[in-house]
Amino acid sequence: MGNFAKPAVTGCLFGVSLPVGVVPFNVYRMISVDKLKVEFGVKPLFSDVSFVVNDRDRIALVGKNGAGKSTMLKILCGLQKPAEGTVGVSQDTTIGYLPQVMVLTDDTTVREEARKAFADNMELKERIDRMNAALAERTDYDSEDYMALVEKFTREHERYMMMGAEGYEADIERTLMGLGFVRSDFDRPTSEFSGGWRMRIELAKILLKRPDVLLLDEPTNHLDIESIRWLERFLATSANAVVLVSHDRAFINNVTNRTLEISCGRVVDYRVKYDEYVKLRAERREQQLRAYENQQKEIADIKDFIERFRYKPTKAVQVQSRIKQLEKIVPIEVDDVDNSAMHLKFPPCLRSGDYPVICDGVRKDYGRHTVFSGVTLTIKRGEKVAFVGRNGEGKSTLVKCIMGEIPFTGTLKIGHNVQIGYFAQNQAQLLDGNLTVFQTIDNVAKGDVRLRINDILGAFMFGGEASEKMVKVLSGGERSRLAMIRLLLEPVNLLILDEPTNHLDMPSKDVLKEAIKAFDGTAIIVSHDREFLDGLVTKVYEFGGGRVREHLGGIYDFLRSRDIETLDALGRQERKQDPKDAAPVDAGLSQHGSGAKTGPEAAAKQGGAADYLERKEQQKRLRKAEKDVKDAEARIESLEKRLKELDVQLSEAENASNMALVNEYTDVQNRLDGEVERWEQLAEQLEKMQC
């Protein structure tokens, strides 16, 4: 670019070297991309790409898998060089980059690792301390050297105070707790934490650095709902500029104000949020299709003219003119569209009992640590429920109890005829590495589904040659997607999914979501993806502080209720409380607002054993009332169906005087009226019991 001098080199976070423009062209323009081209193989990944990242921009980088989103982030932070074009970074601009996968080799505590974000502050403090010691020792107060040292000390001290001085310790605690850590974690070695939690530490270090531009590649993959919401607020209030790649639709909608789409090897800039971009993109593609169709008609007409008059001397001039006209036409490209959107249904399965899962006073301890206690809940046939809460609060542990994989205390019953389909976070490791992708699915597909295997694989990004890959060469994300496809094809009536969307893009998540919505059985979904859970679940079980609370309604109903109750403050109180002192919660009864139902231990303390037994009896009465209402609805449905059949029969001429049918019609109508009246009474009683 003309207003950039030859790039100098300066440091970036994680030791990345970045080209920096010596002459800034605009104080608000932080990164400028000009005529970028990247090639992998024969066909360019993208070319002639130009855009700028300005101060306060919140940019979502979108495009189908393989379009080059992660590659673009690497180019912006200087980790990868383009084949052509330039990336200019304005003077003194710092960039923080969080990749999807990092090689983590730290061997310190959580707090010490987070302090590395303030290495410059600590180095500056050491210099100030040395100067202060030198000033205390010297006595040549009137010398030029002494005055120069005083001036330097004053300047550096003021700079140190502007950088936050000792306040960074509070920043460290605030950021780590926002990302899900508790105070007792701060002095634990990082080696004790899983890869997901260590990625949170790396994210904390980047945020604490306060870089001018944040480049985040799937930052929510290892976060729970509370941490995601904290990150949203942080990016909205504290970040200067953000460019992020994410498959969490709610997250990018809440964070971004601009969308850059990589499509057809180009970048299209939409200065709107993601949801608005989806609408604009649909309109844009419609216009492209119309223009493409008009151009194809024009080309066909020109070619037809050339063919008809090619050998007529009197038309030679016109033919040559048409040939030149044809050569000048620039083909209109239509944006890529992911045609993977398809409807996928679970195969038919046996009908389970009315209550696939019943927990009564379930408790799980690991040594002295109580994961949860007093868990009492009932999941009905056909319900879709979500398990949510901070990582480590016991969601996956309760799932393992339901699966019978680990011991526990209390009562946990699996209903009659229940067939469980389980997708665990490590499910991908159980696949046979010596089979191809196609063979893996062909082995479980039955009936007509076998004819659509290629379509199904395409819906989950295994189209074309990818279906012939050996499982052992697949990445972790690809294996997870393949395991998900296998589960979709198995006949089950209780589906348990533990973080199913971590490695799925938005179209694939839509396919899975629609399949679960159409699923006749029962589903338990452990997930932090609000957009995925929205419209899918009708009940939320919240795990926290050794307790499990039930919330009726969808995921956003739950989030709204928790915001009203000051989620962060309550979360801190629960985390500070010792698990063995936490009052367990009976999740078997519905809750509204903050009215939690306590479990057996708390009930005994508050009102004695009699109160607790009365609550249990009330719960039984409530279940019976719900069953009576459901049975009445089933009888009404059956009678209405028979009434319609009789209507059809009586409308036929030969049955007009058939008294047997007329009498049956009258009898069914009377029974229906009586059943409706009974249903109204039962429904009213149930409503009173639930209030």
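The values are calculated or read from the model by the stated rules, or taken from the named source; none is laboratory data. Since the structure is predicted, the reported quantities are computational estimates derived from the model, not experimental observations. Note that each Cβ is placed from the backbone with ideal geometry, even for glycine, and that neighbours are counted across all protein chains shown. Side chains included, ligands, DNA and RNA excluded: accessible areas come from the protein's heavy atoms. Shrake-Rupley method; radii C 1.70, N 1.55, O 1.52, S 1.80 Å.
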Do any residues in the range 632-647 that are open to solvent by 90 Å² or more (accessible area, probe 1.4 Å) have Cβ atoms under 6 Å from those of residues that are among the acidic types (Asp, Glu), where the two are at least six apart or on different chains, and which pairs are they?
-> Arg635/Glu675
Could you run through the range 364-379 and say how many residues are surrounded by fewer than 20 Cβ atoms within 10 Å (Cβ to Cβ) and of a type in the set (Lys, Arg)?
-> 1
Are any residues in the range 236-265 out of contact with any strand residue (DSSP E or B) (no Cβ under 9 Å at 6 or more places or on another chain) and closer than 20 Å to Gln100 by Cα, and if so, which ones?
-> His247, Asp248, Arg249, Ala250
Is there any pair with a first residue in the range 534-549 that is of a type in the set (Ser, Thr, Tyr) and a second that is at pLDDT below 90 and crowded, with 24+ Cβ neighbours inside 10 Å whose Cβ atoms are under 7 Å apart and which are 6 or more apart or on different chains, and what are they?
-> Tyr541/Ala587
Is it the case that the range 418-428 has a residue that's under 19 Å from Glu490 (Cα atoms), in a helix (DSSP H, G or I) and modelled with pLDDT under 90?
-> yes
Looking at Leu504, is it open to solvent by 10 Å² or more (accessible area, probe 1.4 Å), of a type in the set (A, V, I, L, M, F, W, C) and either farther than 20 Å from Gly554 by Cα or modelled with pLDDT under 80 (or both)?
-> no
Could you name every one of the strands (runs of 3 or more DSSP E) located completely within the range 181-279 that has at least 1 residues being open to solvent by less than 10 Å² (accessible area, probe 1.4 Å)?
-> 213-217, 241-245, 258-263
Of the conditions (1) of a type in the set (Val, Ile, Thr); (2) in a helix (DSSP H, G or I); (3) touching a residue at least 60 places away in the same chain (Cβ under 8 Å), Thr370 fails just one. Which one is it?
-> (2)
Any idea which residue in the range 280-315 is nearest to Ile59 (Cα to Cα), counting only those that are open to solvent by 80 Å² or more (accessible area, probe 1.4 Å) and of a type in the set (Lys, Arg)?
-> Arg290
Within the range 657-679, track down each residue that is among the acidic types (Asp, Glu) and either in contact with an Asp or Glu (Cβ under 8 Å, 6 or more places away or on another chain) or farther than 13 Å from Arg635 by Cα (or both).
-> Glu664, Asp667
Hits in the range 433-469 - residues which are open to solvent by 20 Å² or more (accessible area, probe 1.4 Å), within 23 Å of Ile420 (Cα to Cα) and among the small types (Gly, Ala, Ser) = Gly447
Check on Glu405, out of contact with any helix residue (DSSP H, G or I) (no Cβ under 7 Å at 6 or more places or on another chain), surrounded by 15 or more Cβ atoms within 10 Å (Cβ to Cβ), in a loop (DSSP other than H, G, I, E, B) and not hydroxyl-bearing (Ser, Thr, Tyr) = no
Inspect all residues belonging to the range 489-506 and state whether any of them is in contact with a His (Cβ under 8 Å, 6 or more places away or on another chain), in a helix (DSSP H, G or I) and not charged (D, E, K, R).
-> yes
Out of (1) within 30 Å of Val242 (Cβ to Cβ); (2) open to solvent by less than 50 Å² (accessible area, probe 1.4 Å), the odd one out for Glu112 is which?
-> (2)
Within the range 83-105, residues being part of a loop (DSSP other than H, G, I, E, B), touching a residue at least 12 places away in the same chain (Cβ under 8 Å) and more than 21 Å from Leu214 (Cβ to Cβ) number 1
Somewhere in the range 59-70, is a residue among the β-branched types (Val, Ile, Thr) and either touching a residue at least 12 places away in the same chain (Cβ under 8 Å) or more than 27 Å from Glu478 (Cα to Cα) (or both)?
-> yes
Inside the range 349-367, can you point out the residues that are part of a strand (DSSP E or B) and of a type outside the set (Val, Ile, Thr)?
-> Cys359, Asp360, Gly361, Arg363, Lys364, Asp365, Tyr366
Starting from residues that are open to solvent by 90 Å² or more (accessible area, probe 1.4 Å) and modelled with pLDDT under 90, keep the ones in the range 28-47 and report whichever is nearest to Ser90 (Cα to Cα).
-> Tyr28
Examine the range 470-490 for a residue that is at pLDDT 85 or above and open to solvent by 10 Å² or more (accessible area, probe 1.4 Å), and state whether such a residue exists.
-> yes
Quick one: is Leu622 hydrophobic (A, V, I, L, M, F, W, C), at pLDDT 70 or above, farther than 26 Å from Tyr355 by Cβ and part of a helix (DSSP H, G or I)?
-> no
Check Leu231, Leu179, Leu215, Leu223 and return the single one that is among the hydrophobic types (A, V, I, L, M, F, W, C), in contact with a Gly (Cβ under 9 Å, 6 or more places away or on another chain) and free of Cβ contacts under 8 Å to residues at least 60 places away in the same chain.
-> Leu231
